[in-house]
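Everything on this sheet refers to the single structure shown next.
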Amino acid sequence: MIEVSEKITKLPVMEHFYTLQGEGFHQGKAAYFIRLGGCDVGCVWCDVKDSWDAGKHPLRSLDFIVSEVKKHEGEIVVITGGEPLMHDLTFLTEQLHNAGLRTHIETSGSSPLSGNWDWITLSPKKFKEPLPEILPHASELKIVVYNKSDFDWAEKWAAQVSPACKLYLQPEWSKATVVTPLIIDYIKAHPQWQLSLQIHKYINVP
Ligand code: SF4
């Protein structure tokens, strides 16, 4: 018997909002964020723990999601989580593209890659490491720095992404005053890396 994968027409949406992308290469650009419920990574410092249980969030149709995005001017849609790749995103990206939108994802890479993406932000987490298959597809590698040992860990992943992949070090928010000076020194010595700040937290937008 041939197994036919089920067409996913609804996804658990924790929140969705129009704002500025606060991090990485597209920092400062208008973007519509869709935060999907569900995460099995378990970062101790996670600031969206409410996202972990997908069952807590309403299932929204793909038509609803696209129509909400289309109420606004921006063309970038960022799918985040939670861990969005816990869901098959093939049909979501298809519908977003059909609506003339650009598809970006923020993922730990710990679940299989699905969907057709214009930009993939790969942010590996120690609690559940990325699957090797996603590494060549990363557009940017974003390492959240919690302590000094994270620099070696960052290099481990930088060695496995494509040469075109942008490299970012970002202070973990609660440790920012301690680790930001360390990141600055590290980038001065290793200029292939750049600093990513969560500017949305400084300008008080979601
Ligand atoms: S991967 Fe993201 S949502 Fe999941 S636990 Fe880590 S920080 Fe939280």
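Can you tell me which of His190, His137, His104 moves the most in a GNM of the chain? Springs connect C-alpha atoms under 10 Å apart. Of His190, His137, His104, the Gaussian network model singles out His190 as fluctuating most.
Unpaired Cys in the chain, meaning no second Cys C-beta under 4.7 Å: Cys39, Cys165.
Volume of the convex hull of segment 48-160 (Cα atoms only), normalised per residue: 115 Å³. For segment 117-171, the Kirkwood hydrodynamic radius from C-alpha pairs, put into Stokes-Einstein at 20 °C and a viscosity of 1.002 mPa s, yields a diffusion coefficient of 190 µm² per second. In terms of its Cα atoms, the chain spans 51, 44, 32 Å along the principal axes, sorted from long to short. Between Ser149 and Asp53, the contour length at 0.36 nm per residue exceeds the Cα-Cα span by 31.6 nm. I want to check the label-to-label distance for His16 and Val66. Put each point 7 Å from Cα in the C-beta direction and report it in nm to one decimal. In this crude spin-label approximation the distance works out to 1.2 nm. Distance from the Cα centroid of segment 124-161 to that of segment 11-40 is 20 Å (rounded to whole angstrom). 3J(HN,Hα) along segment 118-124: 7, 7, 10, 9, 9, 10, x Hz, from the Karplus curve 6.51 cos²θ - 1.76 cosθ + 1.60 with θ = phi - 60°, whole Hz, x for Gly and Pro.
Each 5 Å bin, from zero up to the one with the longest distance, holds this percent of the alpha carbon pairs of segment 103-206: 2, 12, 23, 24, 19, 13, 6, 1. Probing with 1.4 Å while keeping every protein chain in the model, the per residue accessible area of segment 50-186 equals 45 Å². The share of accessible area on segment 91-196 that comes from carbon and sulfur is 55 percent, using a 1.4 angstrom probe. The phi torsions of segment 25-34, fed into the Karplus equation with coefficients 6.51, -1.76 and 1.60 and a -60° offset, translate into couplings of 4, 9, 3, x, 8, 5, 7, 9, 9, 10 Hz, rounded to whole numbers, with Gly and Pro shown as x. Measuring nothing but protein heavy atoms, the accessible surface of segment 1-65 at 1.4 Å probe radius is 54 percent carbon and sulfur. Pairs spanning more than 18 Å between alpha-carbon atoms, out of Lys29/Lys201; Lys125/Lys175; Lys10/Lys56; Lys29/Lys175; Lys49/Lys125: Lys29/Lys175.
Each residue of segment 198-203 was assigned a 3J(HN,Hα) from its phi angle through the Karplus expression (A = 6.51, B = -1.76, C = 1.60, θ = phi - 60°), giving 7, 5, 4, 7, 7, 9 Hz with x at Gly and Pro. Less than 5 angstrom separates the built amide H of Ile8 from those of Phe91, all sequence-distant by 5 or more or on a different chain. Computed about the Cα centre, the dipole magnitude for the chain is approximately 420 debye when only Lys and Arg (+1) and Asp and Glu (-1) carry charge, each at its Cβ.
The values are calculated or read from the model by the stated rules, or taken from the named source; none is laboratory data. Note that the structure is predicted; figures quoted are calculated from it, not measured. Ideal geometry is used to build each Cβ from the backbone, glycine not excepted, and the neighbour counts take in all protein chains shown. The protein model used for the area step is the full one, side chains on, heavy atoms only, and it has no ligands, DNA or RNA in it. Shrake-Rupley method; radii C 1.70, N 1.55, O 1.52, S 1.80 Å.
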